[in-house]
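Provided herewith is a single structure, encoded as structure tokens, for subsequent inquiry.
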Protein chains: 2
Amino acid sequence: MKEFELIRQIQQGTSVSYPPGFEHGVRLGIGDDAAVLEIPAGQHLVAATDTLNAGTHFPVDTSPFDIAYKCLAVNLSDLAAMGATPRWALLSLSLPEADPEWVHLFSEGFMSLAQVHNVALVGGDTTSGAMSISLTALGSVAPGRQLTRRGAKPGDLVVVSGTLGGAAYALEMLQAGKPVPQRHLLDRPVPRVELGRLLSGYASACIDVSDGLLADLAHVLKASGCGARLDIEKLPATDALAKLDEISRWPYQLSGGDDYELLFTLPSRHRSLLATWSQQLELNLSVIGEIETDEGIRCFAGDGSLYSPEGTGFEHFRQKNIYDKNHE
Amino acid sequence: MKEFELIRQIQQGTSVSYPPGFEHGVRLGIGDDAAVLEIPAGQHLVAATDTLNAGTHFPVDTSPFDIAYKCLAVNLSDLAAMGATPRWALLSLSLPEADPEWVHLFSEGFMSLAQVHNVALVGGDTTSGAMSISLTALGSVAPGRQLTRRGAKPGDLVVVSGTLGGAAYALEMLQAGKPVPQRHLLDRPVPRVELGRLLSGYASACIDVSDGLLADLAHVLKASGCGARLDIEKLPATDALAKLDEISRWPYQLSGGDDYELLFTLPSRHRSLLATWSQQLELNLSVIGEIETDEGIRCFAGDGSLYSPEGTGFEHFRQKNIYDKNHE
């Protein structure tokens, strides 16, 4: 299959049907040297890029459907963490060989999530090489309404959506050759786009949990110049993790990556909004701690004792090729 | 070196000093989940993405400086072909190991071209994996002023900037282990950004020559629904190619990729502008043919005889890993 045919196949497999009244703003899509896009008047552009490499960011046995799904999800999660509305995506696909069936399944996975968020694939590039998928997600936000990592203040609540540690636990079971509970938490993370938009204007800081709770909270604290206490018995657990005792469970919840939940800080006067949002989105929102003046993160167990976690999260150049361990 | 340190090093190495009065529009750059960017009021966004893999898109012995330079250049070339003004870039860097010296040289190469065009690096991602550099270039254009592949009409002049075949010739000499003339044509293509902006509003169609003249002209003709004649003795040659006879030279000029010159069609009433633009930019602009009604490309030699070229350009999945042949 030639490059042009591959691009055409992806293009055909990823045409989005927009809902009535949705202004997608694509003036020129795939098929020219670049896409021409119209940002809604007065809005700012929000742009994020993330690359997934086979063996590093997903197990090498992951289906093409799930590879595409995850690649779009992690990028939409970055837009969600900014409170932005996703609009467009550009895709760079490096493949060892151009297999039409692989591309077909990949396109289906991409579309299954793109349609949920009205994301149009407007450009891209296919090349031969080791399998690597690089995606740029573009969205928009009203000026000054973006969520950043910078605004957390002492007294703010520390809140996280959904559950924590599920992806890391699924991965560990997979690597140990054991039955994998809730593998979808690893393969198909849910970008919290609607939550991000609701938080805009209320949350004082926001980030998505990609490297692990402690690591990502540390980013927020560093950018905001403060510290935090965490009440770790309040960390939301997946069904599988809930069956473990706390000492076994906490490391996954504190340091496991790839959950893509939103971690945000909220001035306590807005606390009552949490129940409203939670009901509206049918999504768990857990208050897990509080921002404090002193730098650093202090983890308290349910009995008030201080708990010292070990790892601080996933870093690509430290735990290299973690997905390869049992999948040569 | 950890991922975060690597990102910081690239960030520090690629800070652009903007000229006075230049509105770069970066509301939030590297260091959050996504960048927040302000498009000049009333302008449309132009977005392109291109990936370069070691061994496929550049010889494996290419310096980090030149890898970065070329990666930015080929993306800016896509914006140039749209008549857009480049503004921002997002970079995804996959590296087998995080080598600070490599990153330092890479940042320098990136900057050397980014500063020329006031391009700010606003986001990115570093991952471990086979060497692969994926870049998204973002720019802007006034509504309706973009150049596309679609508008060529019978009677329009076919024009190309600079010279053709130099990159392909340098590559072949390199692969044959011979002295390489003008290797900079392969490693440091010049994106014709200023030319693209001048053409906006005049050229009826435009593309950059990345796959080879015939292949890229075919894209324009297909999109525009017409054909062309080429007077191939008028194809502009590099100094090195000018020393060869025509029969040896033409294949490089017709089918060699990686030149990144602009190929455009111009209504003949604008012919006199070519001399003005050429003088203003100190850049050769050669009329090499004419758009015709009949589909297909007809190549005529200087004596009026029909010439049948062989290849039609570079396609990544056909000529796979061409750069590896002599560089194992």
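The values are calculated or read from the model by the stated rules, or taken from the named source; none is laboratory data. All values derive from a computational prediction rather than experimental measurement. Neighbour counts are summed over all protein chains in view; Cβ atoms, including those assigned to glycine, are modelled from backbone coordinates with ideal geometry. Just the protein is used for accessible areas: all its heavy atoms, side chains included, with ligands, DNA and RNA removed. Shrake-Rupley method; radii C 1.70, N 1.55, O 1.52, S 1.80 Å.
Spelling out what I want: for every residue of segment B:179-184, take phi, set θ = phi - 60°, compute 6.51 cos²θ - 1.76 cosθ + 1.60 (Karplus), and round to whole Hz; glycine and proline get x.
For segment B:179-184, the Karplus-derived couplings read x, 9, x, 6, 4, 4 Hz, x marking Gly and Pro.
Enter the mean number of other protein chain beta carbons within 10 Å of the beta carbon of each residue in B:131-143, as an integer. Intermediate values should be presented prior to the final figure.
On the way: counts 2, 9, 2, 14, 5, 11, 2, 7, 1, 4, 3, 0, 3.
If you average over the peptide's residues, the count of other-chain Cβ atoms is 5.
Sorting check: for B:140-153, A:293-306, which peptide has the highest mean count of neighbouring beta carbons within 10 Å, and how do the rest follow? Walk me through the numbers before you get to the answer.
Working: B:140-153: 19.2, A:293-306: 12.0.
Peptide ranking by packing, descending: B:140-153, A:293-306.
Filter the DSSP H helices in chain B by two things, a Kyte-Doolittle mean of at least 0.0 and an axial alpha-carbon span of 24 angstrom or more, and list the hits by number. Present the calculation step by step, with values, prior to reporting the outcome.
Working: long enough: B:64-81 (26 Å, 0.81).
Those that pass (Cα extent of 24 Å or more, hydropathy at least 0.0) are B:64-81.
Another one. Whose amide H sits under 5 Å from the amide H of A:GLY124, counting only residues 5 or more places off or on another chain, with H placed in the peptide plane?
Those qualifying (amide H under 5 Å, at least 5 residues apart or on another chain) are A:LEU91, B:THR49.
For A:LEU244 and A:SER272 in the same chain, what is the full-extension length gain: residue separation times 0.36 nm, less their Cα-Cα distance, in nm? The partial results should precede the final answer.
Values: separation 28, 0.36 × 28 = 10.08 nm, distance 3.13 nm.
Gain in length upon complete extension: 7.0 nm.
Place the peptides A:258-267, A:283-292 in order of packing, highest mean first, counting for every residue the other Cβ atoms within 10 Å and averaging per peptide. Each step should come with its number before you reach the end.
On the way: A:258-267: 25.8, A:283-292: 19.1.
Put in order of decreasing packing, that is A:258-267, A:283-292.
So, one more: Using the Karplus curve 6.51 cos²θ - 1.76 cosθ + 1.60 with θ = phi - 60°, work out ³J(HN,Hα) for each residue of segment A:132-137 in order, rounded to whole Hz, and write x for Gly and Pro.
The phi angles translate into 8, 10, 10, 10, 10, 9 Hz.
For each pair in B:LYS70/B:LYS178; B:LYS153/B:LYS222; B:LYS153/B:LYS234; A:LYS178/A:LYS234, compute the distance between the two Cα atoms and list the pairs where it is over 19 Å.
On the way: B:LYS70/B:LYS178 23 Å; B:LYS153/B:LYS222 12 Å; B:LYS153/B:LYS234 21 Å; A:LYS178/A:LYS234 28 Å.
As for pairs spanning more than 19 Å Cα to Cα, those are B:LYS70/B:LYS178; B:LYS153/B:LYS234; A:LYS178/A:LYS234.
In whole angstrom, note down how far apart the Cα centers of segment B:246-299 and segment A:141-196 are.
So the two Cα centres are separated by 53 Å.
Give a quick list of GluC sites (Glu not before Pro) in segment B:18-116 that DSSP marks as loop, anything other than H, G, I, E or B, with at most 11 other Cβ atoms within 10 Å. Present the calculation step by step, with values, prior to reporting the outcome.
Numbers: sites: B:GLU23, B:GLU38, B:GLU97, B:GLU101, B:GLU108; in loops: B:GLU23, B:GLU38, B:GLU97.
Passing sites in segment B:18-116 are B:GLU23, B:GLU97.
In sequence order, what are the phi-derived ³J(HN,Hα) couplings for segment B:293-304 according to the Karplus relation 6.51 cos²θ - 1.76 cosθ + 1.60 with θ = phi - 60°, rounded to whole Hz, with x for glycine and proline?
Coupling constants for segment B:293-304: 5, 5, 5, x, 10, 10, 9, 10, 7, x, 8, x Hz.
While we're here: Take the solvent-accessible surface of the protein heavy atoms, probe 1.4 Å, and return the percent of it on segment B:99-244 that carbon and sulfur atoms account for.
50 percent
Next question, about the same structure. For chain A, what is the mean residue ellipticity at 222 nm derived from helices alone (per DSSP H run of n ≥ 4: -39500 (n - 2.57); sum divided by total residues; nearest 500 deg cm²/dmol)?
Details: 10 runs with 100 residues, N = 328.
Here the helix-only value at 222 nm equals -9000 deg cm²/dmol.
Let me ask another. If the viscosity is 0.890 mPa s and the temperature 25 °C, what translational diffusion coefficient in µm²/s does Stokes-Einstein give for segment A:36-149 when Rh comes from Kirkwood over Cα pairs?
Numbers: Rh = 14.6 Å.
For these conditions, the coefficient is 169 µm²/s.
If one computes the Cα centroid of segment A:95-127 and of segment B:62-77, what distance in Å separates the two points?
Segment A:95-127 and segment B:62-77 have Cα centres separated by 26 Å.
For B:35-41, what's the mean count of beta carbons from other chains sitting within 10 Å of each residue's beta carbon?
Details: counts 9, 13, 7, 5, 7, 0, 2.
Other-chain Cβ atoms within 10 Å of each residue's Cβ, averaged: 6.
Please compute, for peptide B:117-129, the average count of beta-carbon atoms on other protein chains lying within 10 Å of each residue's beta-carbon. It would help to have the intermediate numbers written out before the result.
Working: counts 0, 0, 0, 0, 0, 4, 7, 4, 12, 3, 11, 11, 15.
Mean partner-chain Cβ count within 10 Å for B:117-129: 5.
Which order do peptides A:41-47, B:208-214, A:214-220, B:268-274 fall in by mean Cβ count within 10 Å, highest first?
Working: A:41-47: 20.6, B:208-214: 25.6, A:214-220: 22.4, B:268-274: 13.0.
Result, highest mean Cβ count within 10 Å first: B:208-214, A:214-220, A:41-47, B:268-274.
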